[in-house]
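Right, one structure below, let's go through it.
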Amino acid sequence: MKKGFIVFLFLCLFGFGSLPAQDAGGKTYRYQLETAPFPHVKRANGYSYKEKLYDAAEHYSDSSVLVYVPSVFKPDEPTDIVVYFHGWHNSIDTANLKFKLFEQFASSGLNALLVCPEAAKFAPDSFGGKLEEKSGFSKFIAELFAKLKNDGIIHDAKPGNIVLAGHSGAYRVIAYILFRGGLTENISTVFLFDALYGETEKYIHWLESGDKKFINIYTKDGGTKTESEILIEDLDEWNRPYFKTEDDAISAAELQKNRIVFISSKLSHNEVVEKNKQFQKFLESIKK
């Protein structure tokens, strides 16, 4: 199936602009935000990788942000959100289809909104655009929440707890948000799905800033094993408690017991988000 057709199909399903569409027991809204990761001046001429050019028009011009509102959502003040970033060679639409993000989110029963900003689209690029800039994330949330309030989805334009989650190349944008994006006091949790390729010092700095929750699932051949084990060694040296397991069937209750969790998975790189409903279980582990 061609990428263009997939995008068209999802536009039909989810609606254009901010019009809601029914999906997985809730509603989905599609916004175009000035503060979204792209377009960005550093990708104005596209990006070359292994002698192939990924042009700006196709890969770096989409300012879309999907917001999924589950049927269980009750607008509290402030509003909790989960921000999910897709990895290389994907888009917000194909990632949702491939990993059943909305379905898993709905099944978790979490009283929060799922926010999916478009990253580098169908490109081998981890650059996070405007969200890598100082206060870029806080500006993004402010614009998004203003639109959500205007559409009557939330009552107050003030964020509560924020979860950052991402697969594969999403490690970079999450790291920069933690480092200088703003709203650090709100970011309570990070989920990495075979994504710890680098920028580890930024994650450590965030972990040391308070009572934060961190779940990192990694694979043998996904390229994140070495960096994950280095972080584990550092925690050992600093006498910081953590939990490590090779049990892919770990329950949400077990995940809930520990603040820092490493899962050495036997699954493949693209199975760690949905194969065992990992995203759903991780979300269930932070339910109040």
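The values are calculated or read from the model by the stated rules, or taken from the named source; none is laboratory data. Note that this is a predicted model, so its numbers are computed, not measured. Note: ideal-geometry Cβ built from the backbone for every residue, glycine included; neighbour counts use all protein chains shown.
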Condition check for L183: hydrophobic (A, V, I, L, M, F, W, C) and at positive phi: yes
Residue that is nearest to the chain's Cα centre (by Cα) [pool: residues in segment 171-196 that are assigned to a loop (DSSP other than H, G, I, E, B) and without any contact (Cβ under 8 Å) to a residue 40 or more places away in the chain]: L196
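Of everything in segment 70-94, what is under 30 Å from E58 (Cα atoms) and surrounded by 22 or more Cβ atoms within 10 Å (Cβ to Cβ)? Give them in sequence order.
Filtering segment 70-94 down to residues under 30 Å from E58 (Cα atoms) leaves 81-94.
Those that are under 30 Å from E58 (Cα atoms) and surrounded by 22 or more Cβ atoms within 10 Å (Cβ to Cβ): I81, V82, V83, Y84, F85, H86, G87, N90, S91, I92, D93.
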Positions within segment 207-251 being within 20 Å of V273 (Cα to Cα), of a type outside the set (V, I, T) and assigned to a loop (DSSP other than H, G, I, E, B), in sequence order: K220, D221, G222, G223, E246, D247, D248, A249, S251
Options N90, N111, N96; residue that is part of a loop (DSSP other than H, G, I, E, B) and closer than 18 Å to G169 by Cβ: N90
Sole exception among (1) within 20 Å of the chain's Cα centre (by Cα); (2) under 16 Å from T35 (Cα atoms) for K158, by number: (2)
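Please find, within segment 252-278, the residue that is farthest from K225 (Cα to Cα) out of those that are part of a helix (DSSP H, G or I) and in contact with a Lys or Arg (Cβ under 8 Å, 6 or more places away or on another chain).
As a first pass, look at segment 252-278 and keep what is part of a helix (DSSP H, G or I): 252-256, 278.
Checking the rest, the ones that are also in contact with a Lys or Arg (Cβ under 8 Å, 6 or more places away or on another chain) come to 252, 255.
Numbers: A252: 23, L255: 20 Å.
Residue satisfying both the conditions and the ranking: A252.
Condition check: out of contact with any strand residue (DSSP E or B) (no Cβ under 7 Å at 6 or more places or on another chain), within 28 Å of D76 (Cα to Cα) and not aromatic (F, W, Y). Does E185 satisfy that? I'd like the intermediate steps shown before the answer.
Values: out of contact with any strand residue (DSSP E or B) (no Cβ under 7 Å at 6 or more places or on another chain): yes; within 28 Å of D76 (Cα to Cα): yes; not aromatic (F, W, Y): yes.
It is true that E185 is out of contact with any strand residue (DSSP E or B) (no Cβ under 7 Å at 6 or more places or on another chain), within 28 Å of D76 (Cα to Cα) and not aromatic (F, W, Y).
Residue check: is F5 loosely packed, with under 15 Cβ neighbours inside 10 Å, at pLDDT below 95, over 27 Å from G136 (Cα atoms) and aromatic (F, W, Y)? Spell out how you get there, then give the answer.
On the way: loosely packed, with under 15 Cβ neighbours inside 10 Å: yes; at pLDDT below 95: yes; over 27 Å from G136 (Cα atoms): yes; aromatic (F, W, Y): yes.
Yes: the conditions hold for F5.
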Residue ID - surrounded by the fewest Cβ atoms within 10 Å (Cβ to Cβ), chosen from residues in segment 143-170 that are of a type in the set (G, A, S) and in contact (Cβ under 8 Å) with a residue 24 or more places away in the chain: G160
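Conditions tested, residue by residue: (1) under 21 Å from A44 (Cα atoms); (2) of a type in the set (D, E, K, R).
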position: D76; (1), (2): no, yes
position: E133; (1), (2): yes, yes
position: F137; (1), (2): yes, no
position: K147; (1), (2): no, yes
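For residues that are of a type in the set (D, E) and either over 29 Å from K98 (Cα atoms) or crowded, with 22+ Cβ neighbours inside 10 Å (or both), tally how many sit in segment 126-142. If you could, list the steps in order and put the result at the bottom.
Let us first name the residues in segment 126-142 that are of a type in the set (D, E), namely 132-133.
Remaining after also requiring either over 29 Å from K98 (Cα atoms) or crowded, with 22+ Cβ neighbours inside 10 Å (or both): 133.
The total comes to 1.
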Selected residue (criterion: farthest from G166 (Cα to Cα)) from residues of segment 188-206 that are in contact with an Asp or Glu (Cβ under 8 Å, 6 or more places away or on another chain) and among the aliphatic types (A, V, I, L, M): I204
